Amino acid sequence: MKILVRKIFIEKDANGKNRLKKKISIFLFCLISASLFWLLNALSKDLTLGIEYNCIYQHSDSSFAITNQPPKKIKVYTYGSGFNLIGEALFWNKKELRIDVDESNLDRDGNQIIPTKTLVNEISNQLGSNISVESIYPEFLTIHMQPLQRKKVAVKLRHELSFAPQIRLKDSIVSQPQFVEIFGPSDQLDSIRYVTTELIKENDIKSDFKTVAKLESNLGPYIRTFPSSVEVEVKTERFTEKTIELPIKVINLPDEVRLRTLPAAVEIKVLVSNSMFELLKADDFIAFVDYDQANKEISKLKVNVKQEGVDVEIIKVSPEKVEYLIKK
């Protein structure tokens with residue numbers, strides 16, 4: 001096929017180079033000339049052309065919001081010479097129409113119906129005097145607006161934090177402010193109880209730090225948050241290991257039974273903040289075994305440790321299980 005095409009269209013010149021055959025060149029010239037003549041003749045006549053406009057809705061009262069989805073585009077059917085219309089066609093993507101919505105013209109249901117024929121003058125000013133507007137589709141634009149309400153809600157922090165060895169949180173993580181205001185239509189505000197932050201993620205934390213976290217922005221298409229971000233402070237404290245010896249108590253022990261553990265005491269290793277190190281005593285813990293768990297098949301009882309009025313991390317209980325003797 002390729003060879004056949006070359007035989008039909010290609011010939012060698014005096015230097016042996018490939019060129020289009022003379023008859024083919026003349027034919028292509030005539031074809032292009034005829035096409036240009038036809039195009040120029042068509043453009044010299046009056047034509048009808050549909051042009052799309054991007055709609056931008058604007059209103060001056062910030063206490064109202066548009067809460068429906070009015071058309072993003074309208075189609076304007078124009079009439080004029082082809083030469084004028086071709087120029088407009090080249091700039092279709094740049095056509096914008098700003099539509100003013102007047103809150104004072106809302107009906108009882110919060111709607112404003114705008115006949116698109118009222119936009120003809122503005123469109124004509126953009127198109128110029130050589131192009132006329134014949135019609136616009138759709139014929140009406142329905143805009144629904146609602147007054148914005150405000151509501152105060154709590155800020156809920158989202159975080160993934162990991163600390164360096166022996167570093168822990170000193171206090172609860174809080175934001176500043178802890179409450180923010182949201183603005184929007186009342187039917188959308190009713191279901192919102194709090195606003196969450198973006199994820200705060202830090203690894204190997206060694207000291208206090210502050211950061212700014214943005215608040216979620218996907219509450220709804222007409223919901224605004226003020227402020228849009230909060231300051232978050234993370235306070236840390238160095239922790240130290242402390243070993244405490246505790247006597248082992250027995251629970252659920254009948255009056256007529258005596259149970260002795262071997263050994264009689266255990267050591268616990270806890271992670272405690274430097275500020276609490278000296279204050280933490282053996283009285284803050286109870287080590288115990290449960291008599292109800294004792295039977296002939298179990299030679300050792302598990303040692304449980306309960307905290308009394310403190311909240312520290314127990315790293316190790318040694319031994320974890322103890323032998324026991326029962327006397328009745």
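The values are calculated or read from the model by the stated rules, or taken from the named source; none is laboratory data. Everything numeric here is computed off the predicted structure, so don't read it as measured data. Ideal geometry is used to build each Cβ from the backbone, glycine not excepted, and the neighbour counts take in all protein chains shown.
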Within region 291-328, residues being of a type in the set (Asp, Glu) and under 27 Å from PHE239 (Cβ atoms) number 4
Checking LYS300, LYS249 in turn, the sole residue that is within 20 Å of ILE314 (Cβ to Cβ), basic (Lys, Arg), touching a Lys or Arg at 6+ places or on another chain (Cβ under 7 Å) and in the same structural domain as PRO319 (by TED's automatic domain parsing) turns out to be LYS300
HIS144 passes all but one of the listed conditions (1) under 22 Å from the mean Cα position of the chain (by Cα); (2) surrounded by 13 or more Cβ atoms within 10 Å (Cβ to Cβ); the exception is number (1)
Subset of region 206-260, residues over 22 Å from ALA65 (Cα atoms) and among the basic types (Lys, Arg), comes to LYS206, LYS210, LYS214, LYS235, ARG238, LYS242, LYS249, ARG258, ARG260
Exactly one of VAL195, VAL232, VAL250 is touching a helix residue (DSSP H, G or I) at 6+ places or on another chain (Cβ under 6 Å) and either touching a residue at least 12 places away in the same chain (Cβ under 8 Å) or within 30 Å of SER62 (Cβ to Cβ) (or both), and that one is VAL250
Among THR243, THR211, THR225, the single one that is modelled with pLDDT of 90 or more, surrounded by 16 or more Cβ atoms within 10 Å (Cβ to Cβ) and of a type in the set (Ser, Thr, Tyr) is THR225
Within region 141-180, residues basic (Lys, Arg) and not in a loop (DSSP other than H, G, I, E, B) come out as ARG150, LYS151, LYS152, LYS156, ARG168
Listed by first then second residue, the pairs whose first member lies in region 201-218 and is at positive phi, whose partner is surrounded by 12 or more Cβ atoms within 10 Å (Cβ to Cβ) and modelled with pLDDT under 95, with beta carbons under 6 Å and at least 6 positions apart or on separate chains, are ASP204/ALA164
Scanning region 182-208 for residues that are more than 23 Å from GLY110 (Cβ to Cβ) and under 21 Å from the mean Cα position of the chain (by Cα) gives ARG193, TYR194, VAL195, THR196, THR197, GLU198, LEU199, ILE200, LYS201, GLU202
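Across region 72-100, which residue is modelled with the highest pLDDT among those that are surrounded by fewer than 16 Cβ atoms within 10 Å (Cβ to Cβ) and assigned to a helix (DSSP H, G or I)?
LYS94
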Among (1) in a helix (DSSP H, G or I); (2) within 47 Å of the chain's Cα centre (by Cα), VAL212 falls short only on (1)
Within region 101-140, of all residues that are assigned to a helix (DSSP H, G or I) and within 36 Å of the chain's Cα centre (by Cα), the one surrounded by the fewest Cβ atoms within 10 Å (Cβ to Cβ) is SER104
